[in-house]
Amino acid sequence: MNLALYGTDQPPAVSEEIRRGEVTLHLQDGALRHIRVGGVEIIRSVAFLARDRDWGTIAPTLGTLTRDNRDGALHLSLPMRFDTGTARLDVDVVMTLGAGRLTVHAGGKASGDFETNRAGFTLLHPIERVAGCPARVTHANGQVEDSHFPELIDPWQPFMDIAALEHRANGLRVHCALRGDTFEMEDQRQWGDASYKTYNRPLALPWPYVIADGEVLEQSVEITWQACQTAPVATRPAPEEARFPEMALVLDATDAGRLAENPGDLDPVCPQRLLCHVDAAKGPAAPQIAPFARAQAARPDVAYDLELICRFDGTQTPEAELQAHADAVAASGFAPASVLVVPSVDRQSTPPGSEWPACPPLAEIHAAAARAFPGLVRGGGMASLFTELNRKRPPLATLDFVSHGLCPIVHAADDLSVMETLEAVPHIARSARALIGDRAYRIGPATIAMRQNPYGSRTIPNPDAGRVCMTDDDPRHRGAFGAAYALGLAAALAPFDIAVWTPAALYGPRGVVGNPGPLPQVLRALSGIAGQHVQEAAVRDGLAVLDAGTTRLRANLTPQDGHGLMPYGWSGGMD
């Protein structure tokens, strides 16, 4: 059963619901999730986390949970151990839930020099009906700042030096006090998470850093709440008219050679386009381009979009490098329908406080691209995620389209967190639309697994087919879960008039050829509605609904039977 649902025999994480009076919450892998008061979610999560030098999450070994009721409150205590191979961090987390108050305290000690990018509490605020709401920040010096949670996604930290954070939404005033370190907030929606994240240790400080052998760590989070009058928050509407996008599948030069020998490999999905990845930073472009010409000769019925990763390393001017690439395209006989030009250095994230890597100005790059590829549809943006696009915005005057990718396993990889990222997709699309105006908007690649890690030196290996952050091979892509996620992503994107989306590769661990799950069938149904008017598209109550033209598609986004569908099941066709 697990293999069919998730592409792996490893079972999903176990979540325990805890109820006390009007408060409900879930305990999962040592984290408190979905803290609700009277059915209203006030906090998405409180968790003690540790990250490695590549920002991978270090999975803790959990001890025995103890609990008792005393002094009119529920007390939970959980030992956690984080191992790096050369050192460990032992932490005792104590949670106390009483009337109108939740306190979480952590005390830890390092054995050996524990290297980490971050170790401490993260506090997640939800985004639905919270984005845009009033907020009050108390800083370490006691000064108070009145502000709002960002409505559009903030490229940098909206709040810094947080000693306490209060927001008013959904009829409640929620106050969070943080102690034991310097905390700040990032707008986690730009990575695809459905939350604002408050975390310890400012990003402007060096990382990785070391918690020395024998060093003691102590932090706490205290959350209180009370009823108050709040006003609803307005959000910017999606475009009034939208057509469902054309579908692309991504492939590299090796894949293109394989397609040239097996042109029928496109038939199970029937995409309208192929996203052709050429990385000049890894080697000469000409040998990478030639196989695409052979693939195009074998399958001339689809559009070929060139994703061109350029060196721009100072050895040539942008003009000279781009002209050399254009000459290689012409010499090969390859005829791309469009070209997306991306500097190689922009595949790596530039965190707040970091120096921008050496790179010619984007205006110069795209002006040179216009001269090298005259008459060709040209795009800019990022081959990585919206995060980088939001921080380094392209010059729109010389561009026909703007593109970025999506990945739901940057910060968390459990099943619930992956599906929750679908809540953030409309926020990303709305924010991107505010940036790019009427330029065509492309998404891709957008797979569960990560093609390339913008935040570290590698993607994370996954030999045991687990649920691993920032891995390039997620088994759920090959199960019913992956198909349901793809249909949910389609429904979340559909209202925003996306021109092209790339929900899979053709081959490999993120591919459709040889995929034993229902993903190829779902993508075939979605490719069949490309260009159709979108009548309804929504993700709500664990169900994705997409009506376009005369086709109605639905997917159950939960592991239980629901909405007349099996766990992670889907239905399509006339309804």
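The values are calculated or read from the model by the stated rules, or taken from the named source; none is laboratory data. Keep in mind that what you see is a predicted model, and the values were worked out from it rather than measured. So basically every Cβ, Gly included, is an ideal-geometry build from the backbone, and we count neighbours across all protein chains shown.
List of remarks:
- Restricting attention to the range 510-531, the residues that are crowded, with 17+ Cβ neighbours inside 10 Å and outside any helix (DSSP H, G or I) add up to 10.
- Residue count for the range 303-344 satisfying the condition of being under 26 Å from the mean Cα position of the chain (by Cα) and either in contact (Cβ under 8 Å) with a residue 60 or more places away in the chain or surrounded by fewer than 17 Cβ atoms within 10 Å (Cβ to Cβ) (or both): 6.
- Number of the condition not met by Glu536 [criteria: (1) buried (at least 20 other Cβ atoms within 10 Å of the Cβ); (2) touching a Leu at 6+ places or on another chain (Cβ under 8 Å)]: (1)
- Filter result for Thr230 (closer than 30 Å to Gly100 by Cβ, part of a loop (DSSP other than H, G, I, E, B) and under 27 Å from the mean Cα position of the chain (by Cα)): no
Okay, residues lined up against (1) assigned by TED's automatic domain parsing to the domain that holds Met95; (2) assigned to a strand (DSSP E or B); (3) surrounded by fewer than 20 Cβ atoms within 10 Å (Cβ to Cβ):
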residue: Ile18; (1), (2), (3): yes, yes, yes
residue: Leu32; (1), (2), (3): yes, yes, no
residue: Ile43; (1), (2), (3): yes, yes, no
residue: Asp54; (1), (2), (3): yes, no, yes
residue: Ala59; (1), (2), (3): yes, no, yes
residue: Asn69; (1), (2), (3): yes, yes, yes
residue: Leu76; (1), (2), (3): yes, yes, yes
residue: Arg81; (1), (2), (3): yes, yes, yes
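- In the range 105-119 there is no residue that is under 27 Å from the mean Cα position of the chain (by Cα), closer than 18 Å to Ile211 by Cα and without any contact (Cβ under 8 Å) to a residue 40 or more places away in the chain.
- Check on His139, surrounded by 23 or more Cβ atoms within 10 Å (Cβ to Cβ) and not aliphatic (A, V, I, L, M): no
- Contact annotation: residue pairs with Cβ atoms under 7 Å, 6 or more positions apart or on different chains, pairing a residue in the range 420-437 that is more than 18 Å from Pro395 (Cα to Cα) with a partner that is acidic (Asp, Glu), are Thr421/Asp193; Glu423/Glu128; Ala424/Asp193.
- Strands (runs of 3 or more DSSP E) wholly inside the range 236-330 containing at least 1 residues that are closer than 19 Å to Val500 by Cβ and touching a Lys or Arg at 6+ places or on another chain (Cβ under 7 Å): 246-251, 303-310
- For the range 564-575, the candidate set comprises residues that are modelled with pLDDT under 95 and surrounded by fewer than 17 Cβ atoms within 10 Å (Cβ to Cβ); within that set, the residue that is nearest to Val500 (Cα to Cα) is Gly573.
- Contact map, the range 478-504: residues that are more than 25 Å from Asp9 (Cβ to Cβ) paired with residues that are among the basic types (Lys, Arg) and assigned to a helix (DSSP H, G or I), Cβ distance under 7 Å, separation 6+ or inter-chain. Pairs shown: Phe496/Arg433.
- Listed by first and then second residue, the pairs with beta-carbon distance under 6 Å, at least 6 apart or on different chains, first residue in the range 250-270 and in contact (Cβ under 8 Å) with a residue 12 or more places away in the chain, second in a strand (DSSP E or B) and of a type in the set (S, T, N, Q), are Val250/Thr502.
- Selection of strands (runs of 3 or more DSSP E) fully inside the range 371-452 by the criterion of at least 3 residues being assigned by TED's automatic domain parsing to the domain that holds Ala281 and under 13 Å from the mean Cα position of the chain (by Cα) returns 401-406, 440-446.
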